[in-house]
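**Q** Following this message is one structure expressed as structure tokens.
Computed from the coordinates by the stated procedures, all read-outs in this text should not be read as laboratory data. Predicted, not measured: the structure shown is a model, and the values here were computed from it. Cβ sites come from the backbone with ideal geometry, for glycine too, and all protein chains shown count toward neighbours.
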Amino acid sequence: MRTTRLRLIGALAAVLVAATVPAAQAHDGRPPTLADLAERHGRYFGSATDNPELVDEPYTALLGSEFDQITPGNGMKWYATEPQQGVFDFTKGDEIVALARADHQKVRGHTLVWHSQLPGWLTGREWTATELRAVLKKHIQTEVRHYRGRIYAWDVVNEAFNEDGTYRETVFYKTLGPGYIADALRWAHQADPKARLYLNDYNVEATGPKSDAYYALAKELRAQGVPLHGFGLQTHLALQYGYPATLEDNLRRFARLGLDTALTEVDVRMQLPVTEEKLAQQADWYRDMTEACLAVRRCVGITVWDYTDKYSWIPAFFPGEGAALPWDEELRPKPAYFALREALR
Ligand code: 9MR
């Protein structure tokens, strides 16, 4: 009886100790986390998160222990950070950076220049090139300066190309021409010379017109000495559209340009209902993409676009689809989670 109770107390103490040990450290008594396993390869393993979720304690406990990198899903976007022209609000991003600091995690800053989630004051009127240039420069430099030294990498320009590899006709492109991308990178670099600066997009995992456009642009920017350090592949996959089999080759060609790569917003959605077969296929895809990243030295890390189906963006955007993440809505690990562990072992 007494020994049982002592053992129980011992086990409880081990759990308490484990809960206070930073994610970065592997230690006895608890299986290594995804972050621990990734770190053995010199990689990070991260998750997106969002401010409203941070009141969910079981959720934040896993977020703080399993991952060594986080990305704010919305809190650093333009509508959140400059809601009125010249009036900056960093409370949401600050909350996430503070959490990351407490949990010893890197932060990917997301995102400085994007056509979506812009404030009304920016989209609601016409701008001359001179005006918009000044607005863009001020936005980038104020935000990057605010977080200087605390952001590992910035998604400086997000989703700049169409599927066919032509430039997306955003307000920035239409008003400033393609040079807005190089300018954005230079301005961000001035504001935080140590941050790694990325271009980031979806449907660029396989080689093809869209990723080719990034390859050509990255090559040109590097040749011109523009501070571009990485290419982010969002990796929003869907079982019904097939696995991007050329992912590893694609990562490798960017590495040859001297760029880091990262899988920045991973999820693998499926048409509902969930079946065991679909979960098994999803697990295979998570394993395959992790192996592809580990096979290419400059693929620096993987970030899931939140880790639990409870907070996935998918059901709201793709009705009838979901179950895209490695943990289910009750925070129970799915086959994909165990596949990630296997791939990282
Ligand atoms: O996760 C984000 C979600 O909460 C927002 O409603 C959505 C609005 O577009 O943006 C989501 O994140 C996007 C990311 O910023 C860029 N790549 C696509 C992501 C999913 O839409």
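**Q** Using the structure shown, select from Lys210/Lys310; Lys92/Lys310; Lys138/Lys174; Lys106/Lys219; Lys174/Lys210 the pairs with a Cα to Cα distance greater than 22 angstrom.
**A** Violating the 22 Å limit, Cα to Cα: Lys210/Lys310; Lys106/Lys219.
**Q** Rg and Dmax of the stretch 144-207 over Cα atoms: what are they, in angstrom?
**A** That works out to 13.0, 37 Å for Rg and Dmax.
**Q** For labels at Val171 and Ala238 in the simple 7 Å Cα→Cβ model, what's the distance in nm?
**A** Those two pseudo-labels are separated by 2.8 nm.
**Q** What residues qualify as long-range amide H neighbours of Phe161, i.e. H under 5 Å apart, gap of 5 or more or another chain, H built at 1.01 Å from N?
**A** Arg168
**Q** Considering only C-alpha atoms, what is the centroid distance from the stretch 179-241 to the stretch 51-117, in Å?
**A** Each part reduced to its Cα centre gives a spacing of 21 Å.
**Q** Projected onto the charge dipole of the chain (+1 at Lys/Arg Cβ, -1 at Asp/Glu Cβ, origin at the Cα centre), which of Ala280, Leu237, Gly177 gives the Cα projection farthest towards the positive end?
**A** After comparing all options, I get Gly177.
**Q** Okay, next question. Sum up the charges of everything whose Cβ sits under 9 Å from the Cβ of Ser116, counting Lys and Arg as +1 and Asp and Glu as -1, but leave Ser116 out.
**A** 0
**Q** Quick one: Debye curve from the alpha-carbon atoms of the chain only, equal weights, vacuum; give me log10 I(q)/I(0) at q = 0.07, 0.10, 0.12, 0.13 Å⁻¹ to two decimals.
**A** Debye intensities relative to I(0), on a log10 scale: -0.30, -0.60, -0.86, -1.01.
**Q** Moving on to the next point. Which of Gly73, Gly42, Gly109 ends up with the largest GNM mean-square fluctuation for the chain, with Cα atoms connected below 10 Å?
**A** Comparing Gly73, Gly42, Gly109 in the GNM, the peak value goes to Gly42.
**Q** Using the membrane-span-like helix rule (whole DSSP H runs, Cα extent along the own axis of at least 24 Å, mean Kyte-Doolittle hydropathy at least -0.5), which helices of the chain qualify?
**A** Membrane-span-like by this rule: 2-20.
**Q** Right, here's the next one. For the stretch 194-337, report the % of Cα-Cα distances exceeding 23 Å.
**A** Looking at the stretch 194-337, the distances longer than 23 Å represent 35 percent of pairs.
**Q** Tell me which residues come under 5 Å, amide H to amide H, from Tyr44 once H is placed; ignore anything under 5 positions away on its chain.
**A** The list, which skips near neighbours in sequence, is Gly301, Ile302.
**Q** Using a ≥ b ≥ c from the Cα gyration tensor of the stretch 190-231 (square roots of the eigenvalues), is it rounded, prolate or oblate, where a/c under 1.5 gives rounded and otherwise the larger of a/b and b/c decides, a/b for prolate?
**A** Oblate, because a/c is 1.5 or more while a/b does not exceed b/c.
**Q** Please find the FRET efficiency linking Ala129 to Glu342, where r is the Cβ-Cβ separation and R0 is fixed at 41 Å, and quote it to the nearest 0.05.
**A** 0.20
**Q** Give me the net charge of Arg148's neighbourhood, meaning all other residues with Cβ under 9 Å from the Cβ of Arg148; Lys, Arg count +1, Asp, Glu -1.
**A** Numbers: positive: Arg145, Arg150, Lys194; negative: Asp192.
Net of charged neighbours comes to +2.
**Q** Turning to a different aspect of this structure: Kindly provide the Kirkwood hydrodynamic radius of the stretch 135-253 in Å, to one decimal, from all pairs of distinct alpha carbon atoms.
**A** After inverting the mean inverse Cα-Cα distance, the result is 15.0 Å.
**Q** With runs of 4+ DSSP H residues as the only contributors, calculate the mean residue ellipticity of the chain at 222 nm using -39,500 (n - 2.57) per run, divided by the residue total and rounded to the nearest 500.
**A** -13000 deg cm²/dmol
**Q** Would you pull out the residues with amide H under 5 Å of Asp89's amide H, same chain only if 5 or more places away, H placed 1.01 Å from N?
**A** Glu82
**Q** Could you work out how much longer the chain between Glu276 and Thr142 gets when fully extended? Use 0.36 nm per residue separation minus the Cα distance between them, nm to one decimal.
**A** 43.4 nm
**Q** Using a Förster radius of 35 Å, what is the FRET efficiency between Trp121 and Thr246 based on their Cβ-Cβ separation? Nearest 0.05, please.
**A** The pair Trp121/Thr246 has a calculated efficiency of 0.25.
**Q** Now for a separate question. What is the chain's relative contact order, in percent, from Cα pairs under 8 angstrom and six or more apart in sequence?
**A** In percent, rounded to a whole number, it is 15.
**Q** Among 221-229, 252-260, what's the highest-first ranking by average C-beta atoms within 10 angstrom per residue?
**A** 252-260, 221-229
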